[in-house]
1. Residue check, GLY358 against (1) under 23 Å from GLU494 (Cα atoms); (2) of a type in the set (Gly, Ala, Ser); (3) open to solvent by less than 10 Å² (accessible area, probe 1.4 Å), all met but one. Which one?
2. So LYS147 clears everything in (1) assigned to a loop (DSSP other than H, G, I, E, B); (2) farther than 29 Å from LYS416 by Cβ; (3) among the charged types (D, E, K, R) except one condition, right? Which one?
3. Just give me the residues in region 187-208 being modelled with pLDDT of 95 or more and among the hydroxyl-bearing types (Ser, Thr, Tyr), in sequence order.
4. Among the numbered conditions (1) outside any helix (DSSP H, G or I); (2) modelled with pLDDT of 95 or more; (3) open to solvent by 10 Å² or more (accessible area, probe 1.4 Å); (4) at negative phi, tell me where ASP281 comes up short.
5. Could you grab the pairs with beta carbons closer than 7 Å, sequence gap of 6+ or different chains, first residue in region 500-524 and closer than 17 Å to ARG460 by Cβ, second one open to solvent by 70 Å² or more (accessible area, probe 1.4 Å) and part of a loop (DSSP other than H, G, I, E, B)?
6. Out of everything in region 215-241 that is part of a loop (DSSP other than H, G, I, E, B) and surrounded by fewer than 24 Cβ atoms within 10 Å (Cβ to Cβ), what residue ends up being farthest from ligand 2 (Cβ to nearest atom)?
7. Would you mind stating whether ARG451 is of a type in the set (Lys, Arg), under 30 Å from GLY259 (Cβ atoms) and within 16 Å of ligand 1 (Cβ to nearest atom)?
8. For region 24-79, how many residues meet the condition of being more than 16 Å from ligand 2 (Cβ to nearest atom), within 18 Å of the chain's Cα centre (by Cα), among the small types (Gly, Ala, Ser) and open to solvent by less than 20 Å² (accessible area, probe 1.4 Å)?
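The values are calculated or read from the model by the stated rules, or taken from the named source; none is laboratory data. Just so you know, these numbers come straight off a predicted model, no measurement behind them. FYI the Cβ positions are ideal-geometry reconstructions off the backbone, even for glycines, and counts take in every protein chain you see. Calculation scope for accessible area: heavy atoms of the full protein, side chains included, ligands and nucleic acids excluded. Shrake-Rupley method; radii C 1.70, N 1.55, O 1.52, S 1.80 Å.
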Amino acid sequence: MIQSNSIKTDVLVIGSGIAGLSLALKLADKHAVTLLAKAALSEGSTQYAQGGIAGVLDPFDSIDSHLNDTLEAGAGLCDPEVVRLVTEQASHSIQELIELGVPFSRCEGDQCNYPFHLTQEGGHSHRRVIHAADHTGLSIVDTLVQKVLLHSNITVLPEHISIDLILNQKRDRCIGAYVLNKNNETVTDIWADFTVLATGGASKAYLYTSNPDTSTGDGIAMAWRAGCKVGNMEFNQFHPTCLFHPKDRSFLISEAVRGEGGILRLPNGHAFMPEYHERADLAPRDVVARAIDHEMKKHGIDCVYLDITHLEREQIMHHFPTIYERCFKAGIDICTQQIPVVPAAHYTCGGIVTNMQGKSSLNGLYAIGEAAYTGLHGANRLASNSLVEGLVFAEMAKRSIEQAYLKGVTNLEVPKAWDSSRVTDPKEKVLVTHDWDELRRVMWDYVGIVRTDKRLKRARQRIRNLKREINEYYNEHTVYSDLLELRNLVQVAELMVISAQRRKESRGLHYNLDYPKTKLKAKPTILKPKKAKFS
Ligand code: FAD
Ligand code: SIN
């Protein structure tokens, strides 16, 4: 039987990636913050980020250029006001990281316009990506986690998974969340003035992904069940180049490799990208992923090859030490051999609808980072625009929460304790493991890089059945983390398919063979639940 207890905090931040860690640090001088992570504090997509953070840092670059590149990648669906906000704020947010001590790679030699090295990635018309070699995310997380652990006003709860948001009696305000501890023994109701979902994306919905296990769309599913709007869920980004190795877990080969001159080739050595886009290997990500998918299908091959052998060994070791080492362990010396690569699910462009302050459509609830749909990415995210979005919206949410406190917020309603009296311990868990596999395969096969109406219809039917089964199991059994994640993932998968079915055109990351054209008028897909879906 699960025990229950209760905690009160000012601000509950769920998620310890770049978005959650930054916000916790920004708020903690004035407010008590409780910071949750369902795994170790450092685990999440952020720590695997390689390429870097985009921002206008070079004096010869311009905000307008970053803005236009973002709008172009977003294929007509970005919110220009949000793009302006992020591109304008980026350099300030990056400067804060520099001041916190993130060890970004320095520019060397006499050709430097800026003290730190700036790399280039697909879709950018200027070098504007600041990085720490190819382990940018790890360096950021290490720095932020250290600061968070030293802050006396931040209570850190790693290995605690939130189950659902708690609403007030009128069901128009979020007053915290139910949280399960590591050993599945205790559910704590965390009572908060403000709750922030910084739970990352949902790319684990797909069989092959560059993401860690934490990316199960928990925040998006929780917000949906609590009655929040979600937007643009059909736009899941596939990164063109993940290491293809039959025995290895998916590992990203950064776009910065192409930024430094890497070329995609067929097994016979032919460089095919110039046939697809004027920017060739540095075309926007959706174009490159679709081109690879097309070439693989046309030639019946398992992968294509990324060739960086034109660089000196020393340059490769200096700029791409992590990639070098990982490939070397897989038996590939990238200084002399081409890297076998395939596309894999990488980034959730849609998410919980938020405004320019990071507020969701539910009072008291914010969403920041990959879990949010701010309007920045539109139909396709520009490379390295995600870390920066997390930073900028942490700042916006902090300002909004501080303003709300100035106006005087008192959250008097006490949450009900978690009730587990009507469930029993599961006798077998095979349904959960089976459904995990089935769901991810359905999504990969039917809701992937290239879609059709028939495939989407098939996916919708399978997912509907899986969802019914999983919800029945959830209602009857004591909760545990795999079950909670699966419940969230099936919900998010359903939202992705419904959104994909609604879009009767091809745009950005959403490509449907039955509607290959792009409509003249671009409209986001906003879904709203009929009512909050839990008691
Ligand atoms: P995450 O970093 O994913 O963190 C999510 C947090 O939420 C984790 O702490 C997790 O434990 C917690 N969590 C989730 N659910 C729950 C729950 N139910 N209860 C409690 N805690 C929960 N972007 C760039 O801009 N530049 C790059 O170079 C780049 N490279 C990338 C490379 C890889 C391999 C990957 C996977 C992504 C990359 N991205 C990059 C994308 C970027 O890293 C992510 O979009 C970004 O880090 C997301 O940050 P976040 O704070 O929103 O979430
Ligand atoms: C990469 O390094 O290729 C990932 C960059 C990103 O996802 O923004």
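1. (1)
2. Of the numbered conditions (1) assigned to a loop (DSSP other than H, G, I, E, B); (2) farther than 29 Å from LYS416 by Cβ; (3) among the charged types (D, E, K, R), the odd one out for LYS147 is (1).
3. Result: THR188, THR195, THR199, SER203, TYR206.
4. (1)
5. Close Cβ pairs (under 7 Å, with a partner that is open to solvent by 70 Å² or more (accessible area, probe 1.4 Å) and part of a loop (DSSP other than H, G, I, E, B)) amount to TYR515/LYS504.
6. GLY227
7. Spelling it out, it is not the case that ARG451 is of a type in the set (Lys, Arg), under 30 Å from GLY259 (Cβ atoms) and within 16 Å of ligand 1 (Cβ to nearest atom).
8. Total satisfying the criteria: 1.
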